[in-house]
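Asks: Once you've had a glance at the structure underneath, I'll fire off some questions.
The values are calculated or read from the model by the stated rules, or taken from the named source; none is laboratory data. Treat the numbers as computed from the prediction; the structure is a model and nothing was measured. Positions of Cβ are generated from backbone atoms using ideal geometry, with glycine treated the same way; all protein chains shown enter the neighbour counts.
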Amino acid sequence: MTLLEHLDFSSSPLMVSYASMLLLGYILGSVPFGLLIGWAFGRVDVREYGSGKIGSTNVLRTIGVKAAVLSLVLDMGKSVLTVIISRILFDSYGADAIGAFACLIGHNWPVFVRFRGGRGVASGWGGAFILCPLSGVMAGLLGLPIIALTKYVSLGSLIGSSAGAATIVWLSVTDGLPDEYVGYAICGLGLIIFRHRDNIYRLLKGSERKLGQSVDLDNS
């Protein structure tokens, strides 16, 4: 059965599940944990420093390791919680995938803070873990060593995200993973690459900031 055959929009309950998870995923994804943690740990608006994003990497540069780890876990947890709620309320792979992707959109463009969000890596990683655990594992196994070796978080994030997406596609072909999850993987990866377009440009120029380079909160 093809993806389009799965998405039978003539079914009212299906439409309700999709619309519900689209809204819920976006709202949960919009919770700006990085911004809240920055304020709680250091009375700092992380959007005013570094990359201007609210993700864990900018939290690391502006606040520190503990705050960044907490931000990472909570941002991943947004997607995990979204899919858990979807599975409780609806028996629909499509609703799961739409909820996870909506969470990714919410994290990148959060309604609560004037649509100034992150790049979506943590939320995308959380979505991969809950939809297909092996995908999340593969993303970490490839992405984290790249970050450790090169000190480029963006490079590791892009490689890890690509590995996670490729794993979902491979398992769909070989092991019957739902086609809807492939849609999440492809669209999610595309969105993450789009949000990293400035990082990609700097990587190609050799001017990308490395891990460990903090921002000066007094002069930034």
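Asks: Only one of (1) under 16 Å from the mean Cα position of the chain (by Cα); (2) in contact (Cβ under 8 Å) with a residue 60 or more places away in the chain; (3) surrounded by 17 or more Cβ atoms within 10 Å (Cβ to Cβ) fails for residue 116. Which number is that?
Replies: (3)
Asks: Within the set of pairs 6 or more residues apart or between chains, which connect a residue that is over 26 Å from residue 21 (Cβ atoms) inside the stretch 64-86 to a residue that is among the hydroxyl-bearing types (Ser, Thr, Tyr) with Cβ atoms less than 8 Å apart?
Replies: Pairs that qualify, where the first residue is over 26 Å from residue 21 (Cβ atoms) and the partner is among the hydroxyl-bearing types (Ser, Thr, Tyr), are 68/56; 68/57; 69/56.
Asks: Same structure again: What do you reckon, is residue 182 out of contact with any strand residue (DSSP E or B) (no Cβ under 9 Å at 6 or more places or on another chain), closer than 27 Å to residue 91 by Cβ and in contact (Cβ under 8 Å) with a residue 60 or more places away in the chain?
Replies: So residue 182 fits the description; yes.
Asks: Just wondering, is there one or more residues in the stretch 154-166 that are surrounded by fewer than 20 Cβ atoms within 10 Å (Cβ to Cβ), at positive phi and without any contact (Cβ under 8 Å) to a residue 60 or more places away in the chain?
Replies: No, because not a single residue in the stretch 154-166 is surrounded by fewer than 20 Cβ atoms within 10 Å (Cβ to Cβ), at positive phi and without any contact (Cβ under 8 Å) to a residue 60 or more places away in the chain.
Asks: Tell me, yes or no, whether the stretch 142-149 has at least one residue that is crowded, with 22+ Cβ neighbours inside 10 Å and at pLDDT 95 or above.
Replies: Yes, that holds for at least one residue.
Asks: Do we have any residue at all in the stretch 191-202 that's under 16 Å from residue 135 (Cα atoms) and in a helix (DSSP H, G or I)?
Replies: The answer is yes, given that some residue of the stretch 191-202 is under 16 Å from residue 135 (Cα atoms) and in a helix (DSSP H, G or I).
A quick yes/no check of all residues on (1) at pLDDT below 95; (2) closer than 15 Å to residue 102 by Cβ; (3) surrounded by fewer than 21 Cβ atoms within 10 Å (Cβ to Cβ); (4) in contact with a Ser or Thr (Cβ under 9 Å, 6 or more places away or on another chain):
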residue	(1), (2), (3), (4)
17	yes, yes, no, yes
38	yes, no, no, yes
44	yes, no, yes, yes
51	yes, no, yes, yes
55	yes, no, no, yes
65	yes, no, yes, no
70	no, no, yes, yes
83	no, yes, no, no
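Asks: Provide a single number: the residues in the stretch 147-190 that are touching an Asp or Glu at 6+ places or on another chain (Cβ under 7 Å), closer than 21 Å to residue 72 by Cα and assigned to a helix (DSSP H, G or I).
Replies: 1
Asks: Regarding residue 186, is this residue surrounded by fewer than 19 Cβ atoms within 10 Å (Cβ to Cβ) and closer than 25 Å to residue 59 by Cβ?
Replies: no
Asks: I'd like the full set of residues that are over 17 Å from residue 14 (Cα atoms) and outside any helix (DSSP H, G or I), limited to the stretch 73-124.
Replies: Scanning the stretch 73-124 gives 109, 110, 114, 115, 116, 117, 118, 119, 120.
Asks: If we keep just the residues of the stretch 39-54 that are aromatic (Phe, Trp, Tyr) and in contact with a helix residue (DSSP H, G or I) (Cβ under 6 Å, 6 or more places away or on another chain), which is farthest from residue 202 (Cα to Cα)? Before you say what the answer is, go through the steps one by one.
Replies: Narrowing the stretch 39-54 to residues aromatic (Phe, Trp, Tyr): 39, 41, 49.
Among the residues that remain, those that are also in contact with a helix residue (DSSP H, G or I) (Cβ under 6 Å, 6 or more places away or on another chain) are: 41, 49.
On the way: 41: 30, 49: 18 Å.
For the stretch 39-54, the residue satisfying everything is 41.
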